Number of protein chains: 2
Amino acid sequence: MRIFVAGIDGYLGWSLALYLGARGHEVGGADNFFRRQWVEEMGSWSATPIPPMQDRVRAFKKRFGRELPFWNGDLREYPLVEQMIKEFQPDALVHLGECPSAPYSMVDVQHAVFVQTNNIVTTFNLLFAIRDLRPNCHLVKLGTMGEYGTPDIDIPEGFFEIEFRGRRDTLPFPRQAGSWYHWSKVHGSNNIMFACRNWGLRATDVMQGVVFGTRIDEIGDEPALLSRFDFDQCFGTAVNRYCAQAVIGHPLTLFGKGGQRRGFLPLRDSMQCLTLALENPPQRPGEYRVFNQFEEVYDLISLAQKVQKVAREMELKVEIVRLENPRKELEEHYYRPDHKHLFDLGYKPSRDVEAELRIMLGDLARYRDRIDARRDVLIPDIRWNGKREKVRWLEKVDLEDYQQKVGLKADRRRN
Amino acid sequence: MRIFVAGIDGYLGWSLALYLGARGHEVGGADNFFRRQWVEEMGSWSATPIPPMQDRVRAFKKRFGRELPFWNGDLREYPLVEQMIKEFQPDALVHLGECPSAPYSMVDVQHAVFVQTNNIVTTFNLLFAIRDLRPNCHLVKLGTMGEYGTPDIDIPEGFFEIEFRGRRDTLPFPRQAGSWYHWSKVHGSNNIMFACRNWGLRATDVMQGVVFGTRIDEIGDEPALLSRFDFDQCFGTAVNRYCAQAVIGHPLTLFGKGGQRRGFLPLRDSMQCLTLALENPPQRPGEYRVFNQFEEVYDLISLAQKVQKVAREMELKVEIVRLENPRKELEEHYYRPDHKHLFDLGYKPSRDVEAELRIMLGDLARYRDRIDARRDVLIPDIRWNGKREKVRWLEKVDLEDYQQKVGLKADRRRN
């Protein structure tokens with residue numbers, strides 16, 4: 001298949017290019033290196049030293065013996081998007097070209113406006129270009145499990161049938177996002193659902209959980225093929241940040257009580273799932289599918305404890321601490337999302353979180369100095385109330401005891 | 001109260017300024033005259049000859065003996081929004097400064113992007129300025145009943161309690177909008193709901209039905225106080241367009257079967273309802289209320305028939321015809337939205353649609369030549385499939401017979 005990756009220089013984008021390349025697909029992509037700039041703006045850098053795009057493209061060609069057509073530019077510019085689609089003629093287009101950070105969107109009015117308009121306009125441009133130039137092209141759009149928030153009922157995959165006052169209908173599941181970024185993904189989902197219904201486009205909207213991992217096998221030992229790996233407050237997600245903390249002897253930092261539960265998946269599972277969506281496109285014009293994409297639901301304390309356990313086995317000294325929560329979110333809540341569609345397509349989860357963590361800590365140990373040089377970015381100062389102020393450390397408590405008390409251990413088995 | 005009207009030069013904005021002025025409120029406002037430009041872009045103008053803003057402001061002062069502070073500028077510019085709020089210190093802010101047209105948003109990618117980014121960014125700027133400068137200011141945001149679409153179940157006011165797999169929760173009612181414009185209003189509603197929850201702001205989100213009318217009593221006979229009145233395919237809504245058609249002897253044009261049902265209300269009722277929301281603000285920080293604002297549900301055939309009846313009484317010769325529907329929408333559907341909140345606050349509907357139509361036809365007869373000079377804009381060419389092509393006339397059918405057959409008459413009584 002001819003697969004275009006919008007945002008190919010990013011954390012998911014670059015690995016996806018390699019994963020698809022290894023499976024024999026023709027891959028092309030675009031980026032304007034915003035992610036590198038945003039992380040720099042946060043005073044950070046990728047823990048792994050990633051090379052410039054021309055080196056990545058050269059290494060891709062050397063590995064797979066095929067060109068990687070690349071467009072350097074901003075997807076908010078419609079003429080560029082038209083040109084890419086015309087020249088590459090994709091069978092599928094994966095939209096990873098959005099700004100993916102909740103805290104980044106919460107900095108101030110300029111950041112909120114930037115994140116929402118960037119994410120909406122890039123999606124619009126892709127939708128219109130597909131409609132007018134490549135109407136059967138399958139759009140795979142990266143959404144987030146965070147679109148749903150944490151309702152007190154089960155979370156289906158996008159739609160649910162309900163009864164209300166004696167009548168039944170199948171409706172989109174209500175979204176209750178928790179940041180301007182997460183809402184931008186809801187806006188995008190709504191726009192794509194409408195484009196499919198109105199114009200007969202085909203799309204898969206991926207409600208992805210939190211991804212962790214330093215690598216996929218396709219990277220091998222080639223430094224120019226390395227994945228980026230962020231650990232700052234905006235672009236470093238929970239498990240990735242814990243691993244970065246562990247290798248420099250920094251305590252693992254929970255936000256608030258740490259009882260938050262989310263769907264998680266390793267980077268290699270994310271690649272497997274996106275590829276399953278790509279290789280099994282919607283059959284019917286107008287089909288809009290929603291996949292909840294995660295391996296399993298975990299609470300943050302348990303994940304931090306897993307990192308701690310593996311780190312200790314590797315003789316790293318690791319504490320777990322609680323920080324004041326910079327976000328406004330429930331810290332103890334019901335959480336039971338479905339994730340059946342991808343399993344039905346053949347998703348085989350790698351399932352061994354501790355093995356993955358071992359690989360991550362091994363990889364990151366090599367870049368300990370780079371993480372240590374930016375250790376200041378590990379403690380957040382972007383708060384949901386609009387203030388910019390480092391969060392305080394909370395008093396130490398017995399996490400095991402807390403988990404027992406609020407039933408996290410029991411619930412995890414059920415989920 | 002000190003009430004700021006964003007979009008004060010528009011159809012609702014100007015009448016609201018007069019209505020509030022007459023009730024003794026201190027009114028200020030902003031506009032950058034986009035509405036005048038958009039209507040001109042559509043090859044049209046207001047049927048009523050409206051004067052420039054400085055004349056409106058002067059006439060306001062003459063009528064009410066008070067200044068009308070006015071800011072000429074674009075609400076997408078945050079420094080301007082900050083300045084307005086700082087200088088005016090509003091107790092309430094009514095956001096009517098969005099682009100309000102479904103067809104306009106469906107023209108092409110540029111129009112879709114413009115409508116959504118304009119509507120999102122203006123709302124963001126107001127939310128942040130309220131948070132930082134005037135946190136108790138009540139935001140009244142104009143949404144639309146079109147956010148809900150036409151689900152096959154009753155439509156509550158914003159939220160509903162449901163049972164799903166044996167658990168219960170109160171959730172936002174799912175939205176299924178039918179144009180990029182309507183989705184922009186959904187995006188805005190979502191953003192405002194989050195701002196209230198996250199920052200403790202107070203807002204009323206008004207899901208308004210289709211407004212019709214040439215005037216409110218407060219306009220009187222002063223030409224400089226006239227309301228604008230649009231009849232083009234983008235800014236002329238159903239009943240207004242029928243009345244403009246009637247006075248020039250143009251057939252009244254239904255889209256498709258004409259069985260579409262919507263909530264409608266006269267301009268004077270809209271002013272009454274917005275004022276009820278303003279004078280009864282949310283009591284609790286963080287309160288986000290949704291009001292479904294319409295007098296009654298009507299189907300389009302019945303409204304066209306009412307216009308025809310009143311026009312015939314005034315000796316205007318009026319036919320009703322069906323046009324190919326340029327939109328993608330259900331033309332026969334269940335529709336039963338709640339509208340209790342405003343009645344609970346004391347909304348007294350004027351209830352006499354035919355009396356209102358009589359006033360409208362009388363007003364518009366004076367501007368017959370202005371409508372006739374732009375009669376070409378009465379037939380749409382903006383299609384939901386992206387093509388730009390005038391719609392065809394459909395074959396004549398017996399509308400009475402059709403109404404009986406699909407149960408519109410019976411249903412109307414029930415609604």
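Positive contributions from Lys and Arg (+1) and negative ones from Asp and Glu (-1), summed over other residues with Cβ under 12 Å from the Cβ of A:Gly146, come out at +2. Ratio of Rg to Rh for region B:1-76: 0.97 [Cα atoms; Kirkwood radius as inverse mean 1/r over pairs]. The same position A:Asp372 in the other copies lies at 8.8 nm from this copy, comparing label points 7 Å beyond Cα toward the beta-carbon, shortest first. The alpha-carbon atoms of region A:82-185 define a convex hull whose volume equals 133 cubic angstrom per residue. Distances between copies of B:Asp344, taken at a point 7 Å out from Cα along the Cα→Cβ vector and listed shortest first: 4.0 nm.
Does region B:231-273 come out rounded, prolate or oblate, given a ≥ b ≥ c as the square roots of the eigenvalues of its C-alpha gyration tensor, rounded meaning a/c under 1.5 and, failing that, prolate meaning a/b above b/c? Oblate, since a/c reaches 1.5 and b/c is not below a/b. Using the rule -39500 (n - 2.57) for each DSSP H run of four or more residues, divided by the residues of the protein assembly as shown, the 222 nm mean residue ellipticity is -12000 deg cm²/dmol.
The tail of the calculated P(r) for chain B beyond 37 Å holds 19 percent of all Cα-Cα pairs. The convex hull around the C-alpha trace of region A:12-56, projected and averaged over every direction, spans 3.6 square nanometres. Between A:Ser15, A:Gln308, A:Met207, whose Cα lies farthest towards the positive end of the dipole of chain A when Lys and Arg beta carbons carry +1 and Asp and Glu beta carbons carry -1, centred on the Cα centre? Value: A:Met207.
The longest part of chain B holding none of the exposed loop GluC sites (Glu not before Pro), meaning those outside H, G, I, E and B in DSSP with at most 10 other Cβ atoms within 10 Å, is B:1-314. Residue ranking by accessible heavy-atom surface, 1.4 Å probe, largest first, among A:Phe212, B:Phe255 comes out as B:Phe255, A:Phe212. Cα-based values for region A:54-108, radius of gyration first and Dmax second, are 14.9, 46 Å. Counted over the protein assembly as shown, the DSSP beta bridges are approximately 25% antiparallel.
Computed over the alpha-carbon atoms, the protein assembly as shown gives an Rg to Rh ratio of 0.99, Rh here being the Kirkwood radius from the mean inverse distance. In region A:61-210, the DSSP beta bridges split such that about 35 percent are antiparallel, to the nearest 5. Looking at region A:271-415, the accessible area is 51 square angstrom per residue; that uses a 1.4 Å probe and ignores ligands, DNA and RNA. Shape call for region B:137-227 from the C-alpha gyration tensor, a ≥ b ≥ c root eigenvalues: rounded (a/c under 1.5), prolate (a/b greater than b/c) or oblate? Prolate, since a/c reaches 1.5 and a/b exceeds b/c. Within region A:227-327, antiparallel bridges make up roughly 50 percent of the DSSP beta bridges whose residues both belong there. Cβ-Cβ distance of A:Arg167 and A:Arg197, R₀ of 30 Å, FRET efficiency by 1/(1 + (r/R0)^6): the value works out to about 0.90. Under Stokes-Einstein, with the Kirkwood radius over Cα pairs as Rh, the value for region B:85-140 at 20 °C and 1.002 mPa s is 173 µm²/s.
Computed across region B:292-377, the Kirkwood radius stands at 15.9 Å (inverse of mean 1/r, all Cα pairs). The residue among B:Pro266, B:Pro285, B:Gly407 whose Cα reaches farthest toward the positive pole of the charge dipole of region B:266-415, with charges on the beta-carbon of Lys, Arg, Asp and Glu, is B:Pro285. Of interest is the spacing of the C-alpha centroids, which for region A:54-81 and region B:48-89 amounts to 50 Å.
Distance between the C-alpha centers of region A:93-122 and region B:383-409? Whole Å please. With region A:93-122 and region B:383-409 each reduced to a Cα centre, they are spaced 42 Å. Dimensions of region B:258-415 along the principal axes, based on C-alpha atoms and rounded to the nearest Å, stand at 54, 36, 35, largest first.
Region A:170-287 gives an Rg/Rh value of 1.04, both radii derived from C-alpha positions and Rh following Kirkwood. Using the 7 Å Cα-to-Cβ label point, sort the distances from B:Gly65 to its equivalents in the other copies shortest first and give them in nm to one decimal. Once sorted, the set of distances for B:Gly65 reads 9.2 nm. Taken as Cα centroids, region A:234-291 and region B:235-311 sit 46 Å apart, rounded to the nearest whole angstrom. At 7 Å along the Cα-to-beta-carbon direction for both B:Phe33 and A:Glu296, put a label point, then send me their distance in nm to one decimal. With each label point 7 Å from Cα toward Cβ, the separation is 6.6 nm. Placing dummy labels 7 Å off each Cα toward the beta-carbon, the span from A:Lys348 to A:Asp372 is 4.1 nm. Could you tell me which trypsin sites (Lys or Arg not before Pro) in region B:1-103 are loop residues by DSSP with no more than 16 other beta carbons within 10 angstrom of their beta carbon? The qualifying sites are B:Arg23, B:Arg66. Going by the alpha-carbon gyration tensor, a ≥ b ≥ c the square roots of its eigenvalues, is region A:186-252 rounded (a/c under 1.5) or, if a/c is not under 1.5, prolate (a/b greater than b/c) versus oblate? The shape class here is oblate.
A convex hull fitted to the Cα coordinates of region A:1-160 yields 146 cubic angstrom per residue.
The values are calculated or read from the model by the stated rules, or taken from the named source; none is laboratory data. Keep in mind the model is a prediction, meaning the values are calculated, not measured. Every residue, glycine as well, gets a Cβ built from its backbone with ideal geometry; the counts of neighbours run over all protein chains shown. In case anyone asks, the SASA skips ligands and DNA or RNA and just uses the protein heavy atoms, side chains included. Shrake-Rupley method; radii C 1.70, N 1.55, O 1.52, S 1.80 Å.
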